[in-house]
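First comes the structure, then the notes that go with it.
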Amino acid sequence: MQSITMTEIWQWVTAVVLPAFGTLLWSYRNEIKELVEYKVRTEVQIENMKEEMSELKQNQVDIRAEIRDEIRAVGQDIKADMAALRADIKRGS
């Protein structure tokens, strides 16, 4: 039976194990880097969406105010038209 020396074990560790472990760590580093970049991009997108939602809510409030003003204006026009019609009817009677 052949015995394995510490030098042979160390040679195998430095030739096989350490490079494989280094490659694995580098791969994990790249994965972590990509995840961090994704997280940052996602956070930026979330902030942008929050700003857009705020703008949309403000636009909704503005549009509701415009619609309310238009309805009031139309109501005033109808009242004026009705008053004019009543006056015409009274003159015609």
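Can you list, bin by bin at 10 Å, the percent of alpha carbon pairs in segment 1-42, starting at 0?
Binned Cα distances yield the sequence 26, 27, 21, 15, 9, 3, 0.
Give the cross-link partners of LYS79 among the lysines, using a straight C-alpha distance below 23 Å as the criterion and excluding same-chain residues fewer than 8 apart.
In chain and number order, the partners are LYS90.
Quick one: helix 18-92 against the long Cα principal axis of the chain, what's the angle to the nearest 10°, folded into 0 to 90?
0
Note down, for segment 18-90, the three equivalent ellipsoid semi-axes (square root of 5 times each alpha carbon gyration tensor eigenvalue), biggest first, whole angstrom.
Rounded to whole Å, the semi-axes are 69, 6, 4.
Among MET53, LEU25, LEU35, pick out the residue whose Cα is farthest towards the positive end of the charge dipole of the chain, where Lys and Arg carry +1 and Asp and Glu carry -1 on C-beta, about the Cα centre.
MET53
Each label point is 7 Å from the Cα along the Cα-to-Cβ direction; what then is the distance between the points at MET82 and MET6, in nm?
Those two pseudo-labels are separated by 10.7 nm.
Can you send over the carbon and sulfur percentage of the accessible area for the chain, probe radius 1.4 Å, protein chains only?
On the chain, the fraction of accessible area on carbon and sulfur atoms equals 62 percent.
Taking the Cα centre of the chain as origin, sum charge times position over the Cβ atoms of Lys and Arg (+1) and Asp and Glu (-1), and report the length of that vector in debye to the nearest 20.
Here the size comes out at about 540 debye.
Hey, can you find the accessible area per residue of the chain for me, probe 1.4 Å, expressed in square angstrom?
95
The values are calculated or read from the model by the stated rules, or taken from the named source; none is laboratory data. Since the structure is predicted, the reported quantities are computational estimates derived from the model, not experimental observations. Counting neighbours? That spans all protein chains shown, and the Cβs are built from the backbone with ideal geometry, glycine included. Ligands, DNA and RNA are excluded from the accessible area calculation, which covers all protein heavy atoms including side chains. Shrake-Rupley method; radii C 1.70, N 1.55, O 1.52, S 1.80 Å.
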